[in-house]
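In what follows, a single structure is set out as structure tokens and then discussed.
The values are calculated or read from the model by the stated rules, or taken from the named source; none is laboratory data. Keep in mind the model is a prediction, meaning the values are calculated, not measured. Glycine gets a Cβ as well: all are built from the backbone with ideal geometry, and neighbour counts include every protein chain shown.
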Amino acid sequence: MVTVNHNYLRLPGSYLFSTIGKKVRAYKELNPDKEVISLGIGDVTQPLVPAIIEALHNAVEEMAHAETFHGYAPDLGYEFLRNAIAKNDYQDRGCDIKADEIFVSDGAKSDSGNIQEIFGTDNKVAVCDPVYPVYVDTNVMAGRTGEYNTARENFDGVIYMPCSKENGFLPELPKEVPDLIYLCFPNNPTGSAITRDELQKWVDYANKNGCVIIYDAAYEAYISQDNVPHSIYECEGARTCAIELRSFSKNAGFTGVRLGFTVIPDELVRDGVSLHSLWARRHGTKFNGAPYIVQKAGEAVYSEAGKAQLKEQVGYYMRNAKLIHDELEKAGFSVSGGVNAPYIWLETPDKMTSWQFFDYLLKEANVVGTPGSGFGAHGEGFFRLTAFGTYENTRKAIDRIKSL
Ligand code: MLT
């Protein structure tokens, strides 16, 4: 008899953004005349910049001719892209990362979900609370957690590191030592950022205790302050304790194009085994490479024209972030984030729960956000708005919220 993976049955409900999508579709069906503005899922709205479009067109043209056609990509990524990443994202920033330590993928969501596969199921996982749901859900699917605890609204067997207003939405070093530590900075969902000195403490802690940090830096392009690191490899000793995940979705608008990468330094060894070699084995077995066309588009991100155009695009979204932050603050909301990240984290008014505020905003303002409790128990009473809308819609949404 066929059995299923019972670990999946521990997951309550559907994936956060699927639940939100369903609720919004239902509302729109009942209210077809209403103009609903989404500041919910962190999906970009601005078109790909000209340098990237040009690279895509050129690559498509190459695919039309036998002499320049490309079939399967090398499983770890084309050299031209891995070299561009190593130079621009790391070496130019003083980080000691080589091209062959970079694994090109179809995005950071898959990598952040898949990376746990190379670790034993007996590893203890630590996550921030609130947290991007993929880290926890994929560990649940793999059987690395206990049951869902309905009273605590989280999983047994996971170390949750509360990120609250009191600690500035920055986790404290856990007292119970974990094996795997997921960190995401600039943070999704709270929009908080960690300083280089603070991150150094995590690197030192991980090296001292033999932990591995899985560092999600998908939002690094939004950093505006000098003391905030773009990469964990800016910290001393990170090569022996950290894996870094990066995305092209938020810095270059690739949410619908799909491209990302993971960095695993050669020195990162646990249980006597190189994690680089394990991930290479996994990548080679389960992945046939990101498309040539898409990798050429990724290369254009690092061209002079690409860099200039993307700086402007990031600036466009950060203008939205400032607008949301400042206007809601003026209106009396308690807000944070939005300075080094495209997310604004606000306290729900009048002691509403996160989902009550979600329903209220959808119905009364026709604005969609993301309930903080969807990211974990400590997100309850909070709400996330994204700066990835158009400026016009963002302005309209904030005016509507203010007029409630
Ligand atoms: C979010 O809204 O949290 C992000 O869009 C999720 C993602 O990048 O997968």
TODO: From Val140, Val158, Val136, Val125, grab the single residue that is buried (at least 20 other Cβ atoms within 10 Å of the Cβ), at pLDDT 95 or above and over 15 Å from Pro12 (Cβ atoms).
DONE: Val125
Task: segment 362-404, residues that are in contact with a Gly (Cβ under 9 Å, 6 or more places away or on another chain), touching a residue at least 40 places away in the same chain (Cβ under 8 Å) and aromatic (Phe, Trp, Tyr) - done: Phe382, Phe388
- [ ] Determine if segment 204-216 includes at least one residue that is within 16 Å of the ligand (Cβ to nearest atom), surrounded by 22 or more Cβ atoms within 10 Å (Cβ to Cβ) and closer than 30 Å to Gln309 by Cβ.
- [x] yes
- [ ] Go through segment 212-241 residue by residue and tally those that are over 19 Å from the mean Cα position of the chain (by Cα) and free of Cβ contacts under 8 Å to residues at least 40 places away in the same chain.
- [x] 8
Open item on the list: Which count do you get for residues in segment 240-256 that are over 18 Å from Ile213 (Cβ atoms), more than 12 Å from the ligand (Cβ to nearest atom) and in contact with a Ser or Thr (Cβ under 8 Å, 6 or more places away or on another chain)?
Closed with: 0
- [ ] Just give me the residues in segment 383-397 being surrounded by 23 or more Cβ atoms within 10 Å (Cβ to Cβ) and more than 14 Å from the ligand (Cβ to nearest atom), in sequence order.
- [x] Thr394, Ala397
Open item on the list: If I go through segment 117-154 residue by residue, how many of them are within 16 Å of the ligand (Cβ to nearest atom), of a type outside the set (A, V, I, L, M, F, W, C) and in contact (Cβ under 8 Å) with a residue 40 or more places away in the chain?
Closed with: 6
Open item on the list: Every residue in segment 78-94 that is under 21 Å from the mean Cα position of the chain (by Cα) and either of a type in the set (Val, Ile, Thr) or assigned to a loop (DSSP other than H, G, I, E, B) (or both), please.
Closed with: Ile85
Task: Filter pass, Glu166 being part of a loop (DSSP other than H, G, I, E, B) and surrounded by fewer than 19 Cβ atoms within 10 Å (Cβ to Cβ) - done: yes
Task: Contacts under 9 angstrom Cβ, first residue in segment 20-45 being within 14 Å of the ligand (Cβ to nearest atom), partner charged (D, E, K, R) and at pLDDT 95 or above, 6 or more apart - done: Leu39/Arg384; Gly40/Arg384; Gly42/Lys250; Gly42/Arg384; Val44/Lys250
TODO: Take the residues in segment 340-371 that are assigned to a loop (DSSP other than H, G, I, E, B) and over 25 Å from the mean Cα position of the chain (by Cα), then tell me which one is nearest to Leu404 (Cα to Cα).
DONE: Asn366
- [ ] Output the number of the condition that Glu244 fails; it satisfies all remaining conditions of (1) in contact (Cβ under 8 Å) with a residue 40 or more places away in the chain; (2) within 27 Å of Thr190 (Cα to Cα).
- [x] (1)
Task: Every residue from segment 45-68 that is over 14 Å from Pro291 (Cβ atoms) and either touching a Phe, Trp or Tyr at 6+ places or on another chain (Cβ under 8 Å) or not in a helix (DSSP H, G or I) (or both) - done: Thr45, Gln46, Pro47, Leu48, Val49, Ala64, His65, Ala66, Glu67, Thr68
Task: From the options Glu166, Glu267, Glu220, residue that is of a type outside the set (Phe, Trp, Tyr) and within 16 Å of the ligand (Cβ to nearest atom) - done: Glu220
Open item on the list: Lys307 - would you say it is away from the ligand (no atom under 16 Å from the Cβ), at pLDDT 95 or above and surrounded by fewer than 18 Cβ atoms within 10 Å (Cβ to Cβ)?
Closed with: yes
TODO: Would you please name the residue that is nearest to Ser231 (Cα to Cα), looking only at residues in segment 95-111 that are in a helix (DSSP H, G or I) and within 16 Å of the ligand (Cβ to nearest atom)?
DONE: Ala108
Open item on the list: Go through segment 317-339 and report how many residues are surrounded by fewer than 21 Cβ atoms within 10 Å (Cβ to Cβ) and either part of a loop (DSSP other than H, G, I, E, B) or of a type in the set (Phe, Trp, Tyr) (or both).
Closed with: 5
Task: Residue check for Val314: more than 15 Å from the ligand (Cβ to nearest atom), at negative phi and not in a helix (DSSP H, G or I) - done: no
- [ ] Among residues belonging to segment 6-19 that are within 16 Å of the ligand (Cβ to nearest atom) and in a helix (DSSP H, G or I), point out the one that is farthest from the chain's Cα centre (by Cα).
- [x] Thr19
